[in-house]
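See below for the structure under consideration.
The values are calculated or read from the model by the stated rules, or taken from the named source; none is laboratory data. Just so it is clear, the structure is predicted and the values come from calculations on it, not from any experiment. FYI the Cβ positions are ideal-geometry reconstructions off the backbone, even for glycines, and counts take in every protein chain you see. Remember, those area values only see protein heavy atoms, side chains included, never the ligands or the DNA or RNA. Shrake-Rupley method; radii C 1.70, N 1.55, O 1.52, S 1.80 Å.
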Amino acid sequence: MSDLEALAQLNDPVRRSLYAFVSASGGEVGRGEAAAAAGVSRTLAAHHLDKLVEAGLLEAGFRAQERKGPGSGRPAKVYRRARAELSVSLPPRDYGSLASVLAEVVDLLGGEEQAEEAARRMGRRLAAGREADAVEVLRERGYEPYAEEGEVRQRNCPFHALAERQPLLVCSMNLALCQGLLEGLGQDPGRARLDPRPGECCVALSKTNEN
């Protein structure tokens, strides 16, 4: 199935709702939870969830029952967002390869500080004319921010593919961009810090000016 065909699966409102719920959970979701969130029956949810797995948008697994031994029942089927990255461009474009080349040039020339400053300026430009909170701007840029224990974490790294190839450079630029965004919004750039987690963005924001 092509990326375009896979993404077309989200045209169905029930599938779109289920995909959004599983993605926002940040972990594994059972059929019952997903059905309740989407307001549909468990059987219908199971059908659509499995279709999303076939399309490569979700991954499926099994979670053992808490109760052990005879009578504990079968492991429950669970779903999580797929790690694969889908992209559609008409006509086809390949910005990722050029970004990778530019990142390699920065590394070869030792231009990390200049790259960070450029990213900081970009962050300030993203804030220009905005009165929104930083979290709203980050949500619009695809970071998928969420609150956790007094800070803001981010489920998605918009630069994930490039960060896997050039993690030090890309993460430092990402941090600088977030700091520039905070500056541009008149907030303390010190709220942004590097705190990488597997499968998430490397930048976290404190909810206050205290770190």
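Please verify whether segment 178-196 includes one or more residues that are in contact (Cβ under 8 Å) with a residue 40 or more places away in the chain, closer than 22 Å to G26 by Cα and buried (at least 17 other Cβ atoms within 10 Å of the Cβ). Scanning segment 178-196 turns up at least one residue that is in contact (Cβ under 8 Å) with a residue 40 or more places away in the chain, closer than 22 Å to G26 by Cα and buried (at least 17 other Cβ atoms within 10 Å of the Cβ).
Every residue, every condition in (1) exposed (fewer than 12 other Cβ atoms within 10 Å of the Cβ); (2) modelled with pLDDT of 90 or more, yes or no:
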| residue | (1), (2) |
| --- | --- |
| Y95 | yes, no |
| A103 | no, yes |
| L108 | yes, yes |
| E112 | no, yes |
| A115 | no, yes |
| V137 | no, yes |
| G142 | no, yes |
| P145 | no, yes |
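Consider S100 carefully, then state whether it is assigned to a helix (DSSP H, G or I), more than 24 Å from E5 (Cα to Cα) and of a type in the set (G, A, S). So S100 passes the test. On the stretch given as segment 152-166, residues that are over 16 Å from D195 (Cα atoms), open to solvent by less than 50 Å² (accessible area, probe 1.4 Å) and of a type outside the set (G, A, S) total 2.
Within the set R139, R197, the sole residue that is more than 20 Å from A115 (Cα to Cα) and either in contact with a helix residue (DSSP H, G or I) (Cβ under 8 Å, 6 or more places away or on another chain) or not in a loop (DSSP other than H, G, I, E, B) (or both) turns out to be R139. Of all positions in segment 116-131, at least one carries a residue that is assigned to a loop (DSSP other than H, G, I, E, B), basic (K, R) and in contact (Cβ under 8 Å) with a residue 12 or more places away in the chain. Within the option set A45, A8, A20, being free of Cβ contacts under 8 Å to residues at least 24 places away in the same chain, of a type in the set (A, V, I, L, M, F, W, C) and over 22 Å from E200 (Cα atoms) holds for one residue only, A8.
For segment 52-61, a residue qualifies if it is in contact with a strand residue (DSSP E or B) (Cβ under 9 Å, 6 or more places away or on another chain) and part of a helix (DSSP H, G or I), and the qualifying residues are L52, V53.
Assess whether R121 counts as being touching a Gly at 6+ places or on another chain (Cβ under 7 Å), open to solvent by 80 Å² or more (accessible area, probe 1.4 Å) and among the basic types (K, R). Yes.
The residues of segment 1-45 that are aliphatic (A, V, I, L, M), open to solvent by 50 Å² or more (accessible area, probe 1.4 Å) and part of a helix (DSSP H, G or I), listed by number, are L4, L7, A8, A20, A24, A36, A37, L44.
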